[in-house]
Structure formats: structure tokens, C-alpha cells
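Below is one structure; the comments refer to it alone.
The values are calculated or read from the model by the stated rules, or taken from the named source; none is laboratory data. Keep in mind that this is a model prediction, so the values were computed, not measured. Positions of Cβ are backbone-derived with ideal geometry, glycine not excepted, and every protein chain shown enters the neighbour counts. What goes into the accessible areas is simple: the full protein's heavy atoms, side chains included, and nothing from ligands, DNA or RNA. Shrake-Rupley method; radii C 1.70, N 1.55, O 1.52, S 1.80 Å.
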Amino acid sequence: MIFGSVRRGTRISVDNERCEIFGFCEMEAPATFKIGPDGKLRIRRMVDRDGLDQAISAARLCPKQAIRVKGEGAYDDE
């Protein structure tokens, strides 16, 4: 898994076992997600509020549901 922090208590994670690199996340949140030349998904370590909103949208669009956003302001608070 890859993790990124937005602010204290908020966490973005990607399950690489599920991710099939469709690229919807990179299109929806290009400041947060990037597919590297090696074909692996990269995630920015720190994301601002706009980036968080885009990451939440990207997580909702992911066909494999490989992205999770948890914590303050996230859609997946548990």
C-alpha cells in the first residue's frame, strides 16, 4: 500500500493489489496521483484541501475501489 497524509488525521491509501492502473485517479486528481514510467501508481505525500477533495472524487471513481480516504473530511470515516 501507498499512503499520503493530507493533514493530521486524514490519510489517503492505495491498495496496489487491487489497482489495475486505469488512470482515472490521475485524471481526476493529477496533483495527488501519478502513474510512473514503471507503470506503478505514485501518491503525493502532502495534499492541500483542494487535493483532498479531488482525491475523494478519484476514490469514488476508481473501478477497482483501490483508493481509500480516511479521517477528517473524508468520505470513508470509520
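Structure above, values below:
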{"read-out": "Selection count, the range 39-62, where residues are farther than 17 Å from residue 17 by Cβ, modelled with pLDDT of 85 or more and open to solvent by 40 Å² or more (accessible area, probe 1.4 Å)", "value": "4"}
{"read-out": "Among (1) of a type outside the set (Phe, Trp, Tyr); (2) in contact with an Asp or Glu (Cβ under 7 Å, 6 or more places away or on another chain); (3) modelled with pLDDT of 90 or more, the one test that residue 70 misses", "value": "(3)"}
{"read-out": "Residue in the range 63-72 that is farthest from residue 17 (Cα to Cα), counting only those that are of a type in the set (A, V, I, L, M, F, W, C) and either open to solvent by 90 Å² or more (accessible area, probe 1.4 Å) or in contact with a Cys (Cβ under 9 Å, 6 or more places away or on another chain) (or both)", "value": "67"}
{"read-out": "Residue satisfying all of: in the range 17-29; in a loop (DSSP other than H, G, I, E, B) and either β-branched (Val, Ile, Thr) or open to solvent by less than 90 Å² (accessible area, probe 1.4 Å) (or both); farthest from residue 59 (Cα to Cα) among these", "value": "21"}
{"read-out": "The range 30-53, residues that are of a type in the set (A, V, I, L, M, F, W, C) and part of a strand (DSSP E or B)", "value": "33, 35, 41, 43, 46"}
